[in-house]
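Beneath this line is the structure, given in structure tokens, with notes to follow.
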Amino acid sequence: MKKVFLCQLLVLTVSILCGYAVVLTVYPGLYEEGFGAVTENGGTAALFLAAFALYFAAIHIWLGRPQAGNAKTPRESNIELCRVVCMLGIIAHHLVVHGGILGVETMTPNKTLSYLALPWGKIGFDCFVAVSCWFLADREFQAGRFWKIWLTVLFYSVLFAVVSFLMGTPMTAGNWFSVCLPIAGNSHGFAASYLAFYLLLPFLNRMTRGLTKKQARMLLWLFLYLETGTQIIGYFTNYYQKMPSEIFVFIVCYLIALNLKRWPVGIMGKPKACLFLSASIWFVIGTANYWFALHPENKAVRFLVSTMGDESSVSNIVAGFALFFFFAHVKVKPLPVIRRLAAGTFGILLIHDHNFFRYPLWEKIVKCRLWYDRKGFVILAAVFVVWIFVSAFAIDAVRNAFFEKYVLDSRIFRNVCGRHDGILAGETRVTEADGEKPQSRDGR
């Protein structure tokens, strides 16, 4: 009974926040007048009630649907909760970065608070990569999974390019061609790198399968040097080699996951230490960004900002893994609501941080510039973060309902994926002219 009441209270709260966010996007004048103006204006109140009712009904319908999957083998929701928390942090990070508050010349209290959101997004990004690499290490490639992600990226890349164009974003012929290429084109950088990494996965698994501990450690240090060491050296030499890349971040995290899975270290089993480590890095980066804005001539602060602010930095990668290990030890009972929310985080990322749509989202819909100097900045930021999460999740849920039914469940799709899996597993037949027998999974 208590759990049902808490669930109802959560639905009510989220629905109110989403309804208020809708009203704020339609009537920007409410930033001046506050929430009380909603009840004074009949049209504004009607819009709020309609938006609130829509979100409330949609969430209840969604919660009432039977959950897909095997109910006999429930799993804890700690990792799913980790994904949700990271995505909220990524949205908050983008609100600060793309909203314009960092461009304010004076150091206002709101701008000071915004620096705390910056590392949350980067650490959340690396935590996402850590979660993915942890479960992909030593796991076989699945063509169905790759093509599902590829089609999802293509769908959102094209759809929100159209939405952005209709909202006034200039689009060239090259832009339209580029949004149709999920890996090499103008799609989301994380998605493109993840797809490329996933294509490399079967080969990475085969190459690392027989490594000893010393060999695995040496390979990890090599990639860490190429990805992060060259950037640190570049700070002192003022010359940056063009080695680091987003896909290298995935490979580095894959090698870290591989090493820690096969040869665990002590801190992995200490959730409090992991949380302290991640929080400490978050605090140091946030403080460094704040002091750098006040004292850009300070060499020590400049060094910290230059070498710790990016998702490819050692500090953020360590913080991301530490946050993942903390959540891995958190005991959370299987909750369908958390599992479903986590399943939509990838779509939420593709929607709200679309390369073209991100500009009309923050400038024309959320209108950050109208309220980042208000007293209720933190409350407004929380309202819009929740609203973007829920709204983007709803869009992804609708897409997924049709996508799963008409594409992934089709016989053609399953047959094509099965052939691809067979090729990568080494089970295809060779021609008679080769005079060789088919290779098994272990190569014998």
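On a 0 to 90° scale, report how tilted helix 42-64 is relative to the longest principal axis of the chain, with both axes built from alpha carbons and the result rounded to the nearest 10.
Taking the Cα atoms of the chain, the angle to 42-64 is about 30 degrees.
Can you tell me the length gained on complete extension of the stretch residue 46 to residue 359, counting 0.36 nm per residue apart and subtracting the Cα distance?
Working: separation 313, 0.36 × 313 = 112.68 nm, distance 2.89 nm.
Fully extending the segment from residue 46 to residue 359 adds 109.8 nm.
Accessible area of the chain with a 1.4 Å probe: how many percent of it is carbon plus sulfur?
Within the chain, the accessible surface is 67 percent carbon and sulfur.
So, taking all protein chains as they sit and a 1.4 Å probe, how much accessible area belongs to residue 150, in Å² rounded to tens?
60 Å²
Cα axis of helix 246-262 to longest principal axis of the chain: angle in degrees, 0 to 90, nearest 10?
So the helix axis and the longest Cα principal axis differ by about 70 degrees.
Calculate, in nm to one decimal, what residue 272 and residue 7 gain on full extension: separation in residues at 0.36 nm each, minus their alpha carbon distance.
Numbers: separation 265, 0.36 × 265 = 95.40 nm, distance 2.81 nm.
So the chain would gain 92.6 nm between residue 272 and residue 7.
Report the label-to-label distance for residue 235 and residue 172 in nanometres (one decimal), using points 7 Å from each Cα along the Cα→Cβ vector.
Between residue 235 and residue 172, the simple spin-label model gives 3.5 nm.
Cα centroid distance between segment 248-290 and segment 171-210, in Å?
Cα centres, segment 248-290 to segment 171-210: 25 Å.
Give the Rg/Rh ratio for the chain, taking Rg as the radius of gyration of the Cα atoms and Rh as the Kirkwood radius, to two decimals.
On the way: Rg = 23.6 Å, Rh = 24.1 Å.
So for the chain, dividing Rg by the Kirkwood Rh gives 0.98.
Multiplying the sequence separation of residue 419 and residue 332 by 0.36 nm and subtracting their Cα-Cα distance, what value in nm do you get? Mind dumping the intermediate values first?
Values: separation 87, 0.36 × 87 = 31.32 nm, distance 3.86 nm.
In short, 27.5 nm is gained.
Report the calculated FRET efficiency for residue 293 and residue 401 (r = Cβ-Cβ distance, R0 = 56 Å), to the nearest 0.05. Write down the numbers at each step before the final one.
On the way: r = 45 Å, r/R0 = 0.81.
Result of the calculation: an efficiency of 0.80.
With labels modelled as points extended 7 Å from the Cα through the Cβ direction, what inter-label distance (nm, one decimal) is found for residue 216 paired with residue 262?
Computed distance between label sites residue 216 and residue 262 equals 0.4 nm.
Residues of segment 308-330 with backbone nitrogen within less than 18 Å of a virtual label 7 Å along the Cα-to-Cβ line of residue 245, please, listed as ranges.
Residues passing the 18 Å test: 311-313.
Modelled label-to-label distance, residue 139 and residue 102, 7 Å Cα→beta-carbon offset: nm?
The answer from the label model is 3.2 nm.
Here is the link list: 261/331; 299/364; 122/270; 272/299. Which ones come out longer than 30 Å on Cα distance? Don't jump to the answer; show the numbers that get you there.
Numbers: 261/331 20 Å; 299/364 38 Å; 122/270 23 Å; 272/299 33 Å.
Over 30 Å apart, Cα to Cα: 299/364; 272/299.
Could you tell me how many degrees, from 0 to 90 and to the nearest 10, lie between the Cα long axis of helix 377-403 and the main elongation axis, the longest principal axis, of the Cα atoms of the chain?
The angle comes out at about 50 degrees.
The values are calculated or read from the model by the stated rules, or taken from the named source; none is laboratory data. This structure is a prediction, so every number in the text was calculated from the model and none was measured. Here Cβ is always computed from backbone atoms with ideal geometry, including for glycine, and neighbour counts include all displayed protein chains. Only protein heavy atoms, including side chains, enter the accessible area calculation; ligands, DNA and RNA are left aside. Shrake-Rupley method; radii C 1.70, N 1.55, O 1.52, S 1.80 Å.
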